Amino acid sequence: MNLIPDSASAHDNVFDVLKERGFVRQTTHEDEIKELLGKESVTFYIGFDPTADSLHVGHFMQVIIMMWMQKYGHRPIALVGGGTAMVGDPSGRTDMRGMMTKDTIAANGRKFEKLFGEFIEFGSSGAMLVNNADWLLDLNYVDFVRDIGRHFSVNNMLRAECFKSRMESGLSFLEFNYMLMQSYDFLELYKRYGCKMQFGGDDQWSNILGGVDLIRRELSAQAYGMTFALLETSEGKKMGKTQSGALWLDASKTSPYDFYQYWRNVEDADVGNCLSMLTFLPMDEVGRLSALKDAEINIAKETLAYEVTKLVHGEEEAAGARDAARALFGGGNESGGEGMADAPTFELSRDRLAGEGIGIVNLMREAGLVESNKDGFRAIEQGGLTIDGDKVTDAKLHLHEGDFPEGSILIRRGKKKYCRVVLV
């Protein structure tokens, strides 16, 4: 399995690749890290707390970094945080995470492990999959705070951004332990597997520094840390959020079509950054696409959407999503036609069409095109609703089976929200 084409980069050192593509934000020892990555195979780790039952697109940034590192001969450790998820990382949050049971965390972790295998080469000479529950859940707390806690200054911890930003809203003592636990992970991985580097999002900087310092104090050894850009818009807002929640990598939670459409509709200013960090296109091609202006920028957006969807869901699903989008927005058959099978679909029982039929506003709400009936009435009043290309002006319209001449209709709200309603 090699998802990175050989033409993706001309650099000899993966550090130069990550730097050029805009990933690198902070390093503990930049020159030493670059030298080390250029002369030997380095074991490194990135941690993923299983706080949900799927990886999301924010995690995918970290997965891509592991893929780049592995291509250049380095050994990734994908650390599933079965232990740290019991506490919850306060980094980047304004409130405390909800508590989850051990069974839920373990089940989520198993799903993470399955997804990792779709991107990373595991095996005796490949990446490793490790769960920190193996050493954290059975720790003796008094021994832990005596052996590990003594190395941490509370004053320094409170100056860390992950804690400082929470002081006004409230930081629980439970969360205060998180930095110690993540630092201890790095120490354990160093001792067990010779893991010399920890990577993470830029919000993990304080936690990574804690691990580097702990290894120095406990083992008199040098470890290294590096943080990467978070996936943000040009305005500094996190990407990967949709109306229905996070943009998931699991097709059962975010369909390949919805995943494709998210990237197809990013703002013009964000296309270059996304092409650089979320695809393996060569940088000269990224530059060419990013330079497109006006209507031609849509070529770059379609390329971005196709490439990211191909990585996550495979070439067949990416092509299907692209064909469906072209059928919907490229002047194709409004009610069916080639590619429409991959469009968002809502199944409607024929029984619902008997008698008075079903109101168009109720159907819009049930199909997920509007949040409420009020939103549905407003959309019609503003002229933003069509059925098979014909504008709907009557908010009290009721549909019957005769309104579905081929067993389906396409309802579109505005330019980007639509649903194919199929009779069953």
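The values are calculated or read from the model by the stated rules, or taken from the named source; none is laboratory data. Small disclaimer: the values here were computed from a predicted structure and weren't measured. Heads up, the Cβs are rebuilt from the backbone with ideal geometry, glycines too, and the neighbour counts pull from every protein chain shown.
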Quick one: would you say Met61 is modelled with pLDDT of 90 or more and not basic (Lys, Arg)? yes
So which residues in region 303-330 are under 18 Å from Asn265 (Cβ atoms) and surrounded by fewer than 17 Cβ atoms within 10 Å (Cβ to Cβ)? Arg326, Phe329, Gly330
Quick one: count up the residues across region 380-424 that are polar (S, T, N, Q) and in a strand (DSSP E or B). 2
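In this structure, is Val17 crowded, with 17+ Cβ neighbours inside 10 Å, within 27 Å of Thr233 (Cβ to Cβ), among the β-branched types (Val, Ile, Thr) and assigned by TED's automatic domain parsing to the domain that holds Gln204? Write out each step before concluding.
Working: crowded, with 17+ Cβ neighbours inside 10 Å: yes; within 27 Å of Thr233 (Cβ to Cβ): yes; among the β-branched types (Val, Ile, Thr): yes; assigned by TED's automatic domain parsing to the domain that holds Gln204: yes.
Yes, satisfied.
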Hits in region 5-57 (condition: more than 21 Å from Arg216 (Cα to Cα), modelled with pLDDT of 95 or more and of a type in the set (Val, Ile, Thr)): Val14, Val17, Val24
Only one of Gln198, Gln222, Gln204 that is in the same structural domain as Glu40 (by TED's automatic domain parsing), surrounded by fewer than 16 Cβ atoms within 10 Å (Cβ to Cβ) and of a type outside the set (Gly, Ala, Ser): Gln222
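Yes/no per residue for (1) part of a helix (DSSP H, G or I); (2) within 28 Å of Asp53 (Cα to Cα):
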site	(1), (2)
Glu113	yes, yes
Glu118	no, yes
Met128	no, yes
Asp134	yes, yes
Asp138	no, yes
Val142	yes, no
Asn156	yes, no
Assess whether Ala295 counts as being in contact with a helix residue (DSSP H, G or I) (Cβ under 8 Å, 6 or more places away or on another chain) and small (Gly, Ala, Ser). no
Go through the residues of region 349-370 one by one and say whether even a single one is modelled with pLDDT under 80 and either outside any strand (DSSP E or B) or in contact with a helix residue (DSSP H, G or I) (Cβ under 7 Å, 6 or more places away or on another chain) (or both). yes
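Those residues that are among the basic types (Lys, Arg) and either in the same structural domain as Ala324 (by TED's automatic domain parsing) or touching a residue at least 12 places away in the same chain (Cβ under 8 Å) (or both), I need them from region 341-394; list them, please.
Listed by number, the list holds a single entry, Arg350.
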Hey, does region 28-36 have a residue that's part of a loop (DSSP other than H, G, I, E, B) and within 14 Å of Val286 (Cβ to Cβ)? no
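From Met69, Met61, grab the single residue that is under 12 Å from Ala127 (Cα atoms), assigned to a helix (DSSP H, G or I) and among the hydrophobic types (A, V, I, L, M, F, W, C).
Working: Met61 fails: under 12 Å from Ala127 (Cα atoms).
Just one listed residue meets the conditions, Met69.
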Looking at region 273-286 only, could you name the residues that are in contact with a Leu (Cβ under 9 Å, 6 or more places away or on another chain), of a type outside the set (A, V, I, L, M, F, W, C) and assigned to a helix (DSSP H, G or I)? Asn273, Glu285
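Looking at the structure I just gave you, is Glu338 modelled with pLDDT under 85, surrounded by fewer than 16 Cβ atoms within 10 Å (Cβ to Cβ) and outside any helix (DSSP H, G or I)?
Details: modelled with pLDDT under 85: yes; surrounded by fewer than 16 Cβ atoms within 10 Å (Cβ to Cβ): yes; outside any helix (DSSP H, G or I): yes.
So Glu338 fits the description; yes.
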By residue number, the members of region 21-57 that are surrounded by fewer than 16 Cβ atoms within 10 Å (Cβ to Cβ) and in contact with an Asp or Glu (Cβ under 8 Å, 6 or more places away or on another chain) are Arg25, Gln26, Gly38
Step by step: first the residues of region 407-417, then only those that are within 21 Å of Ser349 (Cβ to Cβ) and either small (Gly, Ala, Ser) or modelled with pLDDT under 75 (or both), then the one that is surrounded by the most Cβ atoms within 10 Å (Cβ to Cβ). Which residue is that? Ser408
Can you pull out every residue in region 228-284 that is exposed (fewer than 15 other Cβ atoms within 10 Å of the Cβ), out of contact with any strand residue (DSSP E or B) (no Cβ under 7 Å at 6 or more places or on another chain) and closer than 19 Å to Asp203 by Cα? Thr233, Ser234, Glu235, Gly236, Lys237, Lys241
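So that you can scan it fast, the table gives a plain yes or no per residue for (1) in the same structural domain as Val42 (by TED's automatic domain parsing); (2) modelled with pLDDT of 90 or more; (3) surrounded by 18 or more Cβ atoms within 10 Å (Cβ to Cβ):
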residue	(1), (2), (3)
Met99	yes, no, no
Ala107	yes, yes, no
Met128	yes, yes, yes
Val142	yes, yes, no
